[in-house]
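*Asks:* Got a structure for you, written out below as structure tokens; questions coming shortly.
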Amino acid sequence: MTNPYKNKSWFKFLSNKYIWVLLFFATWMIFLDNYSYFDHRFLDKQIEELEDNKKYYKEEIKKDLENIKELKNSEQIEKYAREKYYMKKDSEDIYIIEFEGDTIEK
């Protein structure tokens, strides 16, 4: 008894051992390997998040360096202390006025 599909082109294609090896290799690399496609996608997302964090922190460092440069002046130190910590001179009085429903955050 002979195989009726033996001369069909799709049967020849699927009975080729190289095709099976290629399918096995592709399946292994995409799903099962330590360096699979899905692991690479996950790692790429993490890299993008870390690069965004890096950019954010570099900008914050730049802002802080500008603030440090400004605070080397004694007048700027006094202005910062008055605005941020409500400090005053001995001869001054400070009145803090808050309105009900004020949207300004401290």
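*Asks:* Do any GluC sites (Glu not before Pro) in the range 17-106 lie in a loop, going by DSSP, with at most 11 other beta-carbon atoms within 10 Å of their beta carbon, and if so which?
*Replies:* Within the range 17-106, the qualifying GluC sites (Glu not before Pro) (loop, at most 11 other Cβ atoms within 10 Å) are GLU92, GLU98, GLU100, GLU105.
*Asks:* Run the reach check for LYS79 against aspartates and glutamates, Cα to Cα strictly under 15 Å, same-chain hits fewer than 8 apart removed. What comes back?
*Replies:* GLU70, GLU92
*Asks:* Which of the trypsin sites (Lys or Arg not before Pro) found in the range 1-90 are loop residues per DSSP with 12 or fewer other Cβ atoms within 10 Å of their Cβ?
*Replies:* Answer by residue number: LYS6, LYS8, LYS72, LYS88, LYS89.
*Asks:* What does the extension gain come out to for PHE25 and TYR56, with contour length at 0.36 nm per residue minus their alpha carbon separation?
*Replies:* Additional length available on full extension: 7.0 nm.
*Asks:* For a test of understanding, tell me how many lysine pairs in the range 6-55 have Cα atoms under 17 Å apart, given they are 8 or more places apart or on different chains.
*Replies:* So the count works out to 4.
*Asks:* Now for a different question. Using a 1.4 Å probe on the protein chains only, how many percent of the accessible area of the chain belongs to carbon and sulfur?
*Replies:* Taking all protein chains in place, the chain shows 58 percent carbon and sulfur surface.
*Asks:* Sticking with this structure for a sec: Over the chain, what number does the Rg to Rh ratio reach, with both radii from the alpha-carbon atoms and Rh per Kirkwood?
*Replies:* Rg/Rh for the chain comes to 1.58.
*Asks:* Moving to a separate point now. What list of ³J(HN,Hα) values in whole Hz, one per residue of the range 3-14 in order, does the Karplus curve 6.51 cos²θ - 1.76 cosθ + 1.60 (θ = phi - 60°) give from phi, with Gly and Pro shown as x?
*Replies:* 7, x, 9, 4, 8, 6, 5, 5, 5, 5, 5, 6
*Asks:* A further question follows. Per residue, how much accessible area does the chain have with a 1.4 Å probe, in Å²?
*Replies:* Value returned for the chain: 105 Å² of accessible area per residue.
The values are calculated or read from the model by the stated rules, or taken from the named source; none is laboratory data. Just so we're clear, the structure is a prediction, and the values are computed from it rather than from any experiment. Every residue, glycine as well, gets a Cβ built from its backbone with ideal geometry; the counts of neighbours run over all protein chains shown. Accessible surface areas use protein heavy atoms only, side chains included; no ligands, DNA or RNA. Shrake-Rupley method; radii C 1.70, N 1.55, O 1.52, S 1.80 Å.
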